[in-house]
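Since every read-out is calculated from the coordinates, none of them should be taken as a lab result. Quick caveat: nothing in here was measured; it's all calculated off a predicted structure. For neighbour counting, all protein chains shown are included, and Cβ atoms are generated from backbone atoms with ideal geometry for every residue, glycine included.
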Amino acid sequence: MLNFCTRPSRRSQDISRRDFLAIGSLGIGGLSLPQLLRAEAAQGISHAHKAVINIYLTGGPPHQDMVDLKPDAPAEIRGEFSPVATNVPGIQICQHMPRLAQMMDKLINIRTLVGSDGRHSSFQCATGRPFANQPQGGWPELGSTLSRLQGPVRAGIPPTLDLSMQMEHQPYNLPGPGFLGQPHAPFKPTGPSKSDMVLPAVLVDRFHERHQLLAGLDSVKRGLDRSGFPQQADAFTQQALDVLTSSALADALDLEQEDPQIRARYGVDDPQILSYSNKGYQAINSKFLLARRLVEAGARCVTVAWADFDWHGGNFSNGKKVLPKLDEGLSALLMDLHERGLAEDVTVVVWGEFGRTPKINASAGRDHWNRNACAILAGGGMQTGQQIGTTNRYAEEPIDRPVHFNEVFSTIYHNLGIAADQRTIDDLGGRPRYLLDTFQPIQEVL
């Protein structure tokens, strides 16, 4: 939260000495904003702006009720939903996803996603790593890695953002920057943070003299700091001030600036779509639109956790409500990216932590199943309009072309111009760690 003024003043244009000095050590995880920016730029800034939108379907979406329906299976396996033809011959998906069916030529349907830890957690979808045997500090999530490797594209726009709501089941929430530390944590523009991202106009007018004071204070600090103060401190401080005085992020987050017709495509947000939505599991389709606006403004990675699919009971009653909203929001996002010329540069991945059991339980639900799951990919310059993998007659496991979670991650890195098996980042002990071990991009989509 970039809160410039920590308490109200008798005059709106006043900044208390204590509040102003906080700029020099702006509290984000105990580090100053100049320090954060300095760390983000340590590896240089990429000349190209490739981006990823990671849509995490919490709880484990039912693959056999979305993209791999088995209409010839017994009733206790096939369930209530029927497959419908798509605009790509030979590919069918769920009847409750008709918009996506008519743009299958822009999608990649992975029916045989394997390698799940079986954990009810965002960890694997966010990091591309198994949860076990982590280094000290933990593995960083994708956006944090991109922040470390490539830095910001544009002053005032964080490299990585988390648009997810706070979820009651803590492991669903993003794992964070791991051993890369708070300088590379995703920015989460929720709650009062949005109003704190831009200084009041009257403060901007007086900011030059305050900047001069800060420069003087930093000069004293340079003389006192025995460990040596970086010579580039003034430049990074200026970047920090640019962030505070820029409206770029606030503008990107302001949906009132969006074309009403485009905004209408995404549908109406449904914060009460599930009986337990008050625990943070909401169908906020406008998050998809915000993700597009943010990558267009310069973000490298935007993550959205959407609704919840942990349907041990009421799998089909919940599916009838949730799947049409996903269909509406995701199809609008993909159409938007194509119309704005962003589809070649922005990779979209939609997935959850595991699949669901082939057999429907006594509560009309499906339970946890880590032997097979699904994913939808789009954009990123990939060869779309295809389906990868075939499962057995009950969608229990692949019978050809299993695709590992880490193959998806390797593909994302490839689309971003990064060779994941060659690039390294140092852990807390200074040991270089490859972004991924052994796994190569999905060759069918390149």
Identify the residues of segment 97-119 with backbone N under 13 Å of a label point that sits 7 angstrom from the Cα of Ala73 along the Cα-to-Cβ direction, or state none. 112
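I need Leu435, Leu107, Leu446 ordered by Cβ neighbour count within 10 Å, fewest first.
Numbers: Leu435 23, Leu107 29, Leu446 12.
Starting with the residue having the fewest Cβ neighbours, the order is Leu446, Leu435, Leu107.
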Which of Leu337, Asn361, Thr384, positive extreme of dipole for segment 320-385 (C-beta unit charges): Asn361
Based only on other Cβ atoms within 10 Å, what is the fewest-to-most ordering of Thr391, Thr145? Thr391, Thr145
Which three extents, in whole angstrom, do the alpha-carbon atoms of segment 70-193 cover along their principal axes, largest first? 52, 35, 29
Quick one: Karplus J couplings for segment 263-274, per residue in order, coefficients 6.51, -1.76, 1.60, θ = phi - 60°, nearest Hz, x for Gly and Pro? 4, 5, 4, 6, x, 8, 4, 10, x, 10, 5, 10
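Between Asp105 and Lys321, what FRET efficiency follows from the Cβ-Cβ distance if R0 is 25 Å, with the result rounded to 0.05?
On the way: r = 27 Å, r/R0 = 1.10.
For R0 = 25 Å, the calculated efficiency reads 0.35.
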Could you run the Karplus curve 6.51 cos²θ - 1.76 cosθ + 1.60 with θ = phi - 60° over segment 95-111 and give me ³J(HN,Hα) per residue in whole Hz, x for Gly and Pro? 4, 8, 10, x, 5, 5, 4, 8, 9, 4, 5, 9, 10, 10, 9, 9, 9
Length gained if Asn278 through Thr190 is fully extended, taking 0.36 nm per residue and subtracting the Cα-Cα distance, is 30.1 nm
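Grab the Cα-Cα distance for Gln136 and Ala362, subtract it from 0.36 nm times how many residues apart they are, and report the gain in nm with one decimal. Don't jump to the answer; show the numbers that get you there.
Values: separation 226, 0.36 × 226 = 81.36 nm, distance 4.30 nm.
That works out to 77.1 nm of additional length.
Could you list Trp369, Trp139 so that the one with the fewest beta carbons within 10 Å of its beta carbon is first and the one with the most is last?
Values: Trp369 22, Trp139 26.
By the 10 Å Cβ count, ascending: Trp369, Trp139.
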Placing +1 on each Lys and Arg Cβ and -1 on each Asp and Glu Cβ in segment 93-196, then taking the dipole about the Cα centre, the residue among Ser122, Gln102, Gln166 whose Cα reaches farthest towards the positive end is Gln102
Restraint check, Lys279/Lys359; Lys188/Lys325; Lys188/Lys320; Lys279/Lys321; Lys70/Lys106, Cα-Cα greater than 20 Å: Lys279/Lys359; Lys188/Lys325; Lys188/Lys320; Lys70/Lys106
Calculated FRET efficiency for the pair Glu80/Asp259, C-beta based, R₀ 35 Å, to 0.05: 0.40
Any idea what the dipole of segment 78-132 comes to, in debye rounded to 20, about its Cα centre with Lys/Arg Cβ at +1 and Asp/Glu Cβ at -1? 80 debye
For the pair Gln170 and Glu344, the simple spin-label estimate (label points 7 Å beyond Cα toward Cβ) gives in nm 4.6 nm
If you wrap a convex hull around the alpha carbons of segment 346-446, what volume per residue comes out, as a whole number of Å³? 139 Å³
